[in-house]
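Let me begin by presenting the structure, written as structure tokens, before commenting on it.
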Amino acid sequence: RAKEKGKNNCQFYTREMNASIEEKLVLLEGLRNALDDGQFRLVYQPKVELHSGRVFGVEALVRWEHPEQGVIGPDRFIPLAEESGMIVALGEWILRSACAQNKAWQDAGLPPLCVSVNVSPRQFEEARLVERVRQALDDSGLAPQWLELEVTEGVIMRDLQQAVAKMAQVRAMGVSLSIDDFGTGYSSLSALKSFPISTLKIDKSFVRDLGRSSGDEAIASSIIGLAHRLRLRVIAEGVETEQQRSFLRENGCDEMQGYLFSRPLPPQQLAALLSAPAMRAA
Ligand code: C2E
Ligand code: MG
Ligand code: MG
Ligand code: MG
């Protein structure tokens, strides 16, 4: 009986694996042309100051409008783009588009925002990253203080010394850096103090159960305390409820991002949100 069950399980897993390998191949094949075909687009999620409710920035998040499969989220294709090396070209497109979009909003008279761009490991390690950032700023005309790069702890810890040197070059240009998904990676606290960053972003897995889990509350408030002791700002991602927001505000978190305030939006909707009278008054 057990043997039979084991065999079934085995077949089940094999079928699952084949499906995922097949899916991977199909997506990988599609990725090759997607950039040239203009199938990627960026959506922007507001970042809000907790004490004032003011929107001070947006995070650019990439979407793939697949001709057959509809909209595909980055968790499904960024890892593939990383593996295949395609992330370098895609990442450059993302960087350039985000800078150009931000400049266009400024030119249209919107209150100036900082745009945050996610940079994945292979992209960060690439020799020409700093040059590409400078080029994206030059070509768009966006001033460097309106751009931030979000990197994860994993990216930095792969080669600590080199990563810190590269971060310093980015900082020297006037572009900000933040650590994304903080608390889920492996950065040591001693390394953290040498990072030329301005913000820590609390991972949404610690935000989800605020108000319900004393463990997550302890982690979130410790990250807030740690950030402030290191003279960094701290933002929470994935804020969905009023309860989470109150906890964060009471515990001194500076900023938040999440569905409670707004989902990631296409550029026009973001501009409409920010030019609504209520937003301008706030
Ligand atoms: P991330 O940078 O940590 O982005 C946060 C993710 O949480 C986004 O998912 C966002 O849409 C989602 N989110 C925002 N508010 C809420 C909320 O209130 N509740 C919940 N449950 N989720 C929320 P998304 O857009 O699917 O992106 C997933 C990940 O893919 C990102 O995580 C980032 O690591 C990566 N990614 C997205 N865009 C890019 C990009 O342009 N370049 C690179 N290299 N990676 C990207
Ligand atoms: Mg991010
Ligand atoms: Mg994150
Ligand atoms: Mg994340």
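Taking the Cα centre of the stretch 161-209 as origin, work out the dipole magnitude from +1 charges on Lys and Arg Cβ and -1 charges on Asp and Glu Cβ, in debye rounded to 20.
For this selection, approximately 160 debye.
Return the single residue from Ala100, Ala143, Ala272 with maximal mean-square fluctuation; model: Gaussian network over the chain, springs between Cα atoms under 10 Å.
Ala272
Given the stretch 114-175, report the % of alpha carbon pairs whose separation exceeds 15 Å.
47
Just how many pairs of Lys in the chain have C-alpha atoms closer than 17 Å, counting pairs that are eight or more places apart or on different chains?
Lysine pairs meeting the criterion: 4.
Taking every alpha carbon pair in the chain, what does the distance histogram look like in 10 angstrom bins from 0, in percent?
Each 10 Å bin holds this share of Cα pairs: 6, 26, 32, 24, 9, 3, 1, 0.
For the chain, what does -39500 (n - 2.57) per DSSP helix run (n ≥ 4), summed and divided by total residues, give at 222 nm, in deg cm²/dmol to the nearest 500?
Rounded to the nearest 500, the figure is -16000 deg cm²/dmol.
For the stretch 42-87 and the stretch 130-144, compute the distance between their C-alpha centroids and round to whole Å.
20
Given +1 on the Cβ of Lys and Arg, -1 on the Cβ of Asp and Glu, and no further charges, what dipole in debye does the stretch 118-179 carry about its Cα centre, rounded to the nearest 20?
With Lys and Arg at +1 and Asp and Glu at -1, about 120 debye.
Every number here is computed from the coordinates shown, using simple stated rules; none is lab data. Since the model is a prediction, treat every value here as computed from it, not as a measurement. Cβ sites come from the backbone with ideal geometry, for glycine too, and all protein chains shown count toward neighbours.
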